[in-house]
Amino acid sequence: MSQAVSAAKAAQGGLPLDTIIAGDCVAALKTLPAASVDLVFADPPYNLQLQGELHRPDQSRVAGVDDAWDKFSSFASYDAFSKAWLAECRRVLKPTGTLWVIGSYHNIFRVGATLQDLGFWILNDIVWRKANPMPNFRGTRFTNAHETLIWASVDAKASYTFNYEALKTLNEGLQMRSDWLIPLCTGSERLKGEDGAKAHPTQKPEGLLHRVLVAASKPGDVVLDPFFGTGTTGAVAKRLGRRFIGIERDAGYIRHARDRLRAVVPAAAEDIALTRTKREEVRVPFGQVVERGLLEPGMKLYDPGRRWAARVRADGSLSVDGATGSIHQIGAHVQGLPACNGWTFWHFTADGKLKPIDLLRQQIRAEMEAGAAVPTAAVAPAVKRAALRAVRV
Ligand SMILES: C[S@@+](CC[C@H](N)C(=O)[O-])C[C@H]1O[C@@H](n2cnc3c(N)ncnc32)[C@H](O)[C@@H]1O
């Protein structure tokens, strides 16, 4: 283990954070403490078993993966290797942690069976559909246009991080599906050597890692990649405010990864904070808006088209033409509907404009979350005065 690793380890209480460990991943994993990692992303050798050279129609040679690190003598030796690194990953994962492993048809079924045998529990398989796949030049098979990611928890009962709302936001309000259309790593993102050739034959796109880390980790979490290559996992982890541990045995790839990581600027904390789920938000009843004096009894609330006006009551209910009820009930009542979200339906007047009462709820939430028991008159004078002015006219 390098001096840099030892120093970082000492500083981090046994965990070499934001460090690349040079060496074999099984041996290196054994040096890490149990239950210390939040997420493993593994892009292991695919055992491609390429047979002969492949050429394009113009006779240029396709640079396939024919590196020694991808070669195994038999399926049995590949399975033994998979079992060794997967078992160590399961040991270092926290009970709440998850494993992501990516592969192609050459290896992913074997890896999937091995990880199930070890007790991992598969949560999803994700199809990474390549927006720009390489054609099947010989025309003998389908275009091989996807790879598969297996996402697994350490056992069937584990509770694990899944940032459902963040993914939905990433997908413009729609639930994220298990088929991801993401281009291959090309252009300026693709690392090149001094000779202009690709620095690594299987560098993964940062977009793929971005989605994985947004889905299943939190800022500050420890992300481990036992097959670090050029450090794609580390680069995205650093940018998103996660800590990383990389393991790689090729000194050339480590050099590329180090240079790459040095150039990554972490995003500001406010830009990586997770979108809260509805369940995680502090509950604020409408009565609290009245109690806090943001709206006063007798003030009027309107629908966006000013067709209906309701009076605010001291107990946090509304009244319209003799009917009283919650903001939701009265909203539904005036429209003749079975249900209504009163927070977005009813509006108060401020500076001559209608604003949804949800803004007042958000303001109270922000105060509560900041833990500041600041008097209402001090925190919301603009809203309060504007609403008062509107009602007194
Ligand atoms: C598929 S590549 C990973 C590429 C990486 N995801 C990236 O974006 O650059 C697999 C990497 O694992 C490394 N490797 C293979 N066997 C290893 C082992 N036993 N221990 C550590 N690294 C290994 C290889 O040198 C190679 O860089």
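The values are calculated or read from the model by the stated rules, or taken from the named source; none is laboratory data. Because the structure is a prediction, the values reported are computed rather than measured. Glycine gets a Cβ as well: all are built from the backbone with ideal geometry, and neighbour counts include every protein chain shown. Protein only, heavy atoms only, side chains kept; ligands, DNA and RNA dropped before computing areas. Shrake-Rupley method; radii C 1.70, N 1.55, O 1.52, S 1.80 Å.
In table form, for the structure just shown:
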quantity	calculated
Output for segment 86-105, where each listed residue is open to solvent by less than 40 Å² (accessible area, probe 1.4 Å), under 14 Å from residue 46 (Cβ atoms) and not in a strand (DSSP E or B)	104
Number of positions in segment 158-170 that are closer than 25 Å to residue 111 by Cα and either modelled with pLDDT under 95 or part of a strand (DSSP E or B) (or both)	0
Neighbours by Cβ (under 6 Å, 6+ apart or cross-chain): first from segment 312-323, farther than 14 Å from residue 288 by Cα and free of Cβ contacts under 8 Å to residues at least 40 places away in the same chain; second of a type in the set (Lys, Arg) and part of a strand (DSSP E or B)	319/311
Every residue from segment 202-216 that is over 15 Å from residue 170 (Cα atoms) and in contact (Cβ under 8 Å) with a residue 60 or more places away in the chain	202, 204
Those residues of segment 305-327 which are open to solvent by 70 Å² or more (accessible area, probe 1.4 Å) and closer than 22 Å to residue 364 by Cβ, in sequence order	311, 313, 314, 315
Residue match in segment 176-191 (condition: over 25 Å from residue 19 (Cβ atoms), within 14 Å of the ligand (Cβ to nearest atom) and in a strand (DSSP E or B))	yes
Pick from segment 221-264, criterion in a loop (DSSP other than H, G, I, E, B) and touching a Lys or Arg at 6+ places or on another chain (Cβ under 7 Å), ranking: nearest to the ligand (Cβ to nearest atom)	230
